[in-house]
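The values are calculated or read from the model by the stated rules, or taken from the named source; none is laboratory data. Just so it is clear, the structure is predicted and the values come from calculations on it, not from any experiment. Here the Cβ positions follow ideal geometry from the backbone for every residue, glycine too, while neighbour counts run over all protein chains shown. Protein only, heavy atoms only, side chains kept; ligands, DNA and RNA dropped before computing areas. Shrake-Rupley method; radii C 1.70, N 1.55, O 1.52, S 1.80 Å.
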Amino acid sequence: MSTLSDNLLVFAILGYLVAMILHASEYSLAGKRRAAAAAPAEERVLVGAGGPPVSTESPVAPAPPSAPADPESADPAGPDLGTRLGGWAVYATGLAVLLHLGAAATRGLAAGRMPWGNMYEFVLAVTLVGGIAWLAVMVRMPKLRLLGLPLTVVQILLLGFAGLVLYTQISPLVPALQSYWFVIHVTSVVTASGLLLVGFVPAAMFLVRDGYDKGRVRFPYTLGARLPRAEALERLTFGLHAFAFPLFTFGVAAGAVWAEAAWGRYWGWDPKETWAFISWVVYAGYLHARSTPSVNRRVVMWIAVLGFLTMLMNLFGVNFFFTGLHSYAGVE
């Protein structure tokens, strides 16, 4: 069963890779469609007898800035290959998530416990929640489908790092984790972390799109021409964070209750506890800034990006660079 889990993870990564390539192809073709649509039509002229050419074009106002990529808009000249590729990317993502789910489920069956007892399994679970959440977003808001490109890149990087660096053989839980709080605390943190992972993507892409809208021409702002509108990215970012933050708060509180039962104190400023608190403060700051009209939206999005970076520090940096009571990573 353990070998099956390992093999399924490899196929899941390949599935995300295929989805990434399809999304990248759709992204590229979307830019070509808009370039063709923006090209001025050839001006027709009527040649009078002995008179100057007379244009049939009526004066028109300058066109507004080009709209963002809409994967549902088709090129009138024939079938829209980009849209079809985007649809296939969704199916490839769905298949990858199913394989991902199989890898996590078989790992749990082989271990005889919930499959998040070490850092490898935790990353496996967080990215699984992220994949499922992204599929739900695409069903509800299909016009944001092009965000699947950066999302699949993040999935591949995290899963590849987990498989190559964090992988550890299945082993029983250490005594400190053998509690019903293991399910309550870690499940809530895993779910919140997966949602915050997905929320990071539109936050980062908002910064790219907003920079493009403001006329910035250097990389990576040039990529913003094909991204959804900044307003849509901002709303999606807020929706995901507003849903994830209470779950994360509950997870931190449940961890404090578990710490009192296991170690006789609710809070001890252990490195992981400290960084969890830092992440909580940053995300609380994001929600506060977002509800304050005077705060620039770019500043708000930078806070959301910073929040995810603190989550990565809590997940990887604490386990690699610090030693504490939460040292259950399973890696040297």
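If R₀ is 45 angstrom, what is the calculated FRET efficiency for the pair F219 and A105, using the beta carbon separation as r and rounding to 0.05?
The computed FRET efficiency comes out at 0.65.
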Inset, instruction - Rounded to whole Hz and in sequence order, give me ³J(HN,Hα) for the stretch 192-209 from the Karplus expression 6.51 cos²θ - 1.76 cosθ + 1.60, θ = phi - 60°, writing x for Gly and Pro. - result: 4, 5, x, 5, 5, 4, 5, x, 5, 5, x, 5, 5, 5, 4, 4, 5, 5
Inset, instruction - Kindly report the accessible area of the stretch 267-322 per residue (heavy atoms of protein chains, probe 1.4 Å, no ligands, DNA or RNA), in Å². - result: 49 Å²
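Order of 253-260, 88-95 by packing, highest average Cβ count within 10 Å first?
Top to bottom by mean Cβ count within 10 Å: 88-95, 253-260.
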Legend entry - Contour minus Cα-Cα distance for Q178 and A242 (0.36 nm per residue): 19.9 nm
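How much length, in nm to one decimal, is gained on full extension between V257 and S171, taken as 0.36 nm per residue of separation minus their Cα-Cα distance?
Working: separation 86, 0.36 × 86 = 30.96 nm, distance 2.56 nm.
Net length gain for the segment: 28.4 nm.
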